[in-house]
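For reference, the structure is listed below as structure tokens.
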Amino acid sequence: MRISKFILTIIIFWSCSICATRIRVLLDQCQSDHSKTWTIESSDGFSLAGPDSEKKIFTKNKYLHVKNNKLGTFINNKRLRKEQIFICPRRGFFSFEDKQYDGYVQIRIKNKKVYFVNVINLEDYVFSVLRTEGWPGWPCEVNKVFAIMCRSYAISQLLTARKIGQPFDIGNTNAHQTYKGVHPVGALREAADQTKDVFLAYEGKPILAMFDSCCGGVVPAYIHVNGVSFEKAPYLERKYPCTFCKKCKIFSWSIVYGEEHLYDLFKSRLKRIKKIKNVEVIKRDKAGLVEKVVVSDGNKKEFLTGKQVYSLLREIKSFCFSIYKNGKNSFIFKGRGFGHHIGLCQWGAREMVRQNWDYKRILQFYYPETQFMVLRNGKGE
């Protein structure tokens with residue numbers, strides 16, 4: 001295949017990086033004038049180097065303590081004189097907060113913040129997040145779907161971060177993709193290896209491959225989306241439903257809240273009401289997702305957005321729900337799906353594999369009009 005403009009863009013972006021296949025994962029950060037300590041461990045010690053220096057400093061210290069305060073940033077009590085430094089274990093992994101990590105640490109000071117970043121090979125990153133974002137006991141074909149999905153999302157985030165000069169490419173929480181370092185599930189390595197370097201693209205650019213656990217049959221095209229532009233990401237505007245997740249255990253759910261308990265959970269958002277007598281959904285989008293809820297004490301009313309309800313009630317699993325009075329003193333919330341209903345449905349993909357769909361067909365079902373591309377040493381094939 002011909003090398004695309006996108007792949008040439010990757011070459012340009014990554015020619016200035018340490019390694020063309022590495023991604024920078026943010027593990028933690030703090031304001032530059034705040035007190036913070038990070039401790040990393042390596043049984044064989046570390047090597048330290050600045051960004052422009054070929055000279056490395058070696059230490060046999062098992063622990064390195066990175067401390068930040070108003071006076072500056074210090075590594076084992078020696079002040080960091082540059083805006084960034086790379087700290088590499090001399091052999092194997094390094095440990096941080098009871099987890100082990102591949103790659104190395106980059107300490108970066110920028111925009112009055114200190115960033116603690118794990119720089120890691122992209123394929124090792126994909127293998128890692130398959131443990132936390134996938135289902136290790138599922139068939140390899142399903143995890144191949146997830147590997148390409150996670151890799152596509154990561155490359156998209158990487159290019160965006162490099163374009164805007166962000167000191168990291170991707171976060172380590174479910175705001176991006178949950179990343180917890182090294183794990184022992186070898187079966188997931190097989191899924192990563194069998195799809196190595198493969199990602200999904202739309203018009204030559206990597207897609208922001210969003211996903212959730214169970215879509216609940218909601219059609220994404222009908223969703224009134226906050227924070228996602230279907231104009232910029234038309235591959236997320238799927239106009240047909242997923243019907244494959246109907247039999248999964250999280251397709252439908254219900255939660256009961258007593259009046260007093262519900263008030264305690266809502267009270268940070270309620271200014272005029274001291275007791276809840278009724279809660280009702282009063283506005284939905286075309287997909288049926290909740291946009292506005294009214295809470296009343298019998299006389300006064302206050303309004304909450306669907307997003308506020310979702311954040312205040314931790315047991316609520318999606319924005320697709322209804323509320324019913326349950327006797328005199330409680331309410332029952334009944335809903336469908338687990339997540340934001342956009343992109344790939346994991347439980348749907350699992351059922352599709354049961355029905356003998358292969359990973360390519362599944363991905364193109366959930367991300368219409370996308371193409372498969374391959375990244376190999378900075379070249380597209």
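The values are calculated or read from the model by the stated rules, or taken from the named source; none is laboratory data. Here the structure is a predicted model, which means the values were calculated and not measured. Neighbour counts are summed over all protein chains in view; Cβ atoms, including those assigned to glycine, are modelled from backbone coordinates with ideal geometry. For the accessible areas, the whole protein counts, side chains as well, though only heavy atoms, and no ligand, DNA or RNA atoms are used. Shrake-Rupley method; radii C 1.70, N 1.55, O 1.52, S 1.80 Å.
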Conditions (1) hydroxyl-bearing (Ser, Thr, Tyr); (2) crowded, with 23+ Cβ neighbours inside 10 Å; (3) under 23 Å from Cys30 (Cα atoms): number failed by Thr178 | (2)
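Counting only residues that are open to solvent by less than 50 Å² (accessible area, probe 1.4 Å) and among the polar types (S, T, N, Q), how many does the range 21-38 have? Full working, then the answer.
Step one: list which residues in the range 21-38 are open to solvent by less than 50 Å² (accessible area, probe 1.4 Å), which gives 21, 23-28, 30, 32, 38.
Now restrict to residues that are among the polar types (S, T, N, Q): 21, 32.
So the count comes out to 2.
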Here the qualifying pairs (Cβ atoms under 7 Å; residues six or more apart or on different chains; first in the range 276-303 and part of a loop (DSSP other than H, G, I, E, B); second hydroxyl-bearing (Ser, Thr, Tyr) and open to solvent by 90 Å² or more (accessible area, probe 1.4 Å)) come out as Asp285/Tyr222; Lys286/Tyr222; Ala287/Tyr222
Restricting to the range 271-288, what's the tally of residues that are within 17 Å of Ile332 (Cα to Cα) and open to solvent by less than 80 Å² (accessible area, probe 1.4 Å)?
-> 4
Identity of the residue in the range 57-80, among the aliphatic types (A, V, I, L, M) and in a loop (DSSP other than H, G, I, E, B), that ends up least open to solvent (accessible area, probe 1.4 Å) | Leu80
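Quick grid of which residues meet (1) in a loop (DSSP other than H, G, I, E, B); (2) of a type in the set (A, V, I, L, M); (3) in contact (Cβ under 8 Å) with a residue 12 or more places away in the chain:
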position	(1), (2), (3)
Leu48	no, yes, yes
Lys55	yes, no, no
Lys82	yes, no, yes
Ile87	no, yes, yes
Tyr115	no, no, yes
Asn118	no, no, yes
Asp124	no, no, yes
Ser128	no, no, yes
Thr132	no, no, yes
So which residues in the range 198-225 are acidic (Asp, Glu) and more than 15 Å from Ser156 (Cβ to Cβ)?
-> Asp212
Restricting to the range 134-150, what's the tally of residues that are open to solvent by 10 Å² or more (accessible area, probe 1.4 Å) and part of a helix (DSSP H, G or I)?
-> 3
Starting from the range 331-352, take each residue that is more than 11 Å from Lys317 (Cα to Cα) and touching a residue at least 40 places away in the same chain (Cβ under 8 Å) and list its partners that are of a type in the set (Ser, Thr, Tyr) and open to solvent by 40 Å² or more (accessible area, probe 1.4 Å), counting only C-beta distances under 7 angstrom and pairs at least six apart or across chains.
-> Phe331/Tyr324; Ile332/Ser254; Ile332/Tyr324
Of all residues making up the range 213-232, the number that are open to solvent by 10 Å² or more (accessible area, probe 1.4 Å) and either within 16 Å of Glu351 (Cα to Cα) or in a loop (DSSP other than H, G, I, E, B) (or both) | 13
Gly204 fails exactly one of (1) farther than 27 Å from Phe319 by Cα; (2) open to solvent by less than 70 Å² (accessible area, probe 1.4 Å); (3) within 20 Å of the chain's Cα centre (by Cα), namely (3)
Which of the following residues is polar (S, T, N, Q), within 28 Å of Phe230 (Cβ to Cβ) and more than 26 Å from the chain's Cα centre (by Cα): Ser311, Ser330, Ser322?
-> Ser322
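Would you confirm whether any residue within the range 151-168 is in a loop (DSSP other than H, G, I, E, B) and touching a residue at least 60 places away in the same chain (Cβ under 8 Å)? Spell out the reasoning first.
Initial filter on the range 151-168 (in a loop (DSSP other than H, G, I, E, B)): 165-168.
Still in the list and also touching a residue at least 60 places away in the same chain (Cβ under 8 Å): 167-168.
Checked against the condition, which is being in a loop (DSSP other than H, G, I, E, B) and touching a residue at least 60 places away in the same chain (Cβ under 8 Å), the range 151-168 yields at least one hit.
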Out of the range 306-321, which residues are without any contact (Cβ under 8 Å) to a residue 24 or more places away in the chain, more than 15 Å from Val294 (Cα to Cα) and of a type outside the set (S, T, N, Q)?
-> Arg314
Can you name the residue in the range 333-354 that is in contact with a Lys or Arg (Cβ under 9 Å, 6 or more places away or on another chain) and among the aromatic types (Phe, Trp, Tyr) and, of all such residues, is least open to solvent (accessible area, probe 1.4 Å)?
-> Trp347
